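Shown next, in structure tokens, is the structure this report addresses.
Values quoted throughout were computed directly from the atomic coordinates according to the rules given, and no laboratory measurement underlies them. Note that the structure is predicted; figures quoted are calculated from it, not measured. Neighbour counts are summed over all protein chains in view; Cβ atoms, including those assigned to glycine, are modelled from backbone coordinates with ideal geometry.
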């Protein structure tokens, strides 16, 4: 639960945001202040709440073209910068497996969100997954992008999907991360200005250092739980859509068909969808398609 010390502020001074925020029209920028953490979030629209959890190495701006489409359809969309990313500031640099989950629950409480539609991508999907399994009463529907279900069967076929992890585990301060946006992960070359906007918070030493911290504290232990089959012994009760770019080299329809057989054994209601002309960074490759399939899922599954 949020404490009495938690509050929401709306900074008016542009110097509050250092480095400067990338441009995206229509968003309000808020800070949720809680003990030891100042969480930045971008908000747009009015109506039923939707919470969007960014991937790595991204932040709220990942949703710049998706969130406005949701807002136009009658939703209030919250795009937080999770701990270790964007313009969120933490007093304690340590991050454990469920640290971001606790942060997210605090956000829900401070913002008075009882239940929300939840959309996540990449690393943000791990926090979303924890919320859907441990606190399903807080989630109306879920859409998980570019990450397989927690109940997947781990086999040698999934190893290529984790080829990037060693470089993050041993990330050196100041080492460039541009390579993560290479042709292996996008359907078409990403403009340098777009890459720069995604990576601008890395100018802050604490965000740069969080590359190692998040990988070692969240990705590795949660990945080990999946490998041990922890989630195959639990049931996913939140209606969840798992969506992937059709051109994703590592998590594609062929792989899903092999590692996610008989999903009804592990979940009440799940579907799989594939976005044309998109790869891992599906919200950059095909934001309109992501918004459309997500809004359709909200309507059908709620």
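Structural remarks
- Extension gain, residue 262 to residue 184, is 25.2 nm, computed as 0.36 nm per intervening residue step minus the present C-alpha separation.
- Gyration tensor verdict on region 147-225 (Cα atoms; rounded if a/c is under 1.5, prolate if a/b is larger than b/c, oblate otherwise): oblate
- Region 55-120: relative contact order as a whole-number percent, Cα under 8 Å and 6+ apart: 27
- The convex hull around the C-alpha trace of region 1-68, projected and averaged over every direction, spans 5.9 square nanometres.
- R0 of 30 Å, Cβ-Cβ distance residue 18-residue 220: FRET efficiency to nearest 0.05: 0.45
- Cα centroids of region 162-223 and region 112-148: 22 Å apart.
- Size descriptor for the chain, Kirkwood hydrodynamic radius: 19.3 Å (Cα pairs only, one decimal).
- Normalised contact order of the chain, rounded percent, pairs of Cα under 8 Å and 6 or more residues apart: 19
- Segment residue 272-residue 209, length gained on full extension (0.36 nm per residue, minus Cα span): 19.2 nm
- Residues within the reach of a label modelled at residue 235 (point 7 angstrom out along Cα to beta-carbon, backbone nitrogen below 11 Å), restricted to region 243-266, are 265-266.
- The packing ranking, built from the mean of other Cβ atoms within 10 Å per residue, places the peptides 111-119, 177-185, 241-249 in the order 241-249, 111-119, 177-185, highest first.
- Rg ratio (alpha-carbon, reference 2.2 N^0.38 Å) - region 213-290: 1.23
- Segment residue 115-residue 157, length gained on full extension (0.36 nm per residue, minus Cα span): 11.5 nm
- Contact order for region 221-280, expressed relative to its length and based on alpha carbon pairs under 8 Å spaced 6+ residues apart, stands at 47 percent.
- Applying 1/(1 + (r/R0)^6) with R0 = 30 Å to the Cβ-Cβ distance of residue 175 and residue 249 gives a FRET efficiency near 0.85.
- Where only DSSP H runs of four or more residues are counted, the chain gives -8000 deg cm²/dmol as its mean residue ellipticity at 222 nm, each run worth -39500 (n - 2.57).
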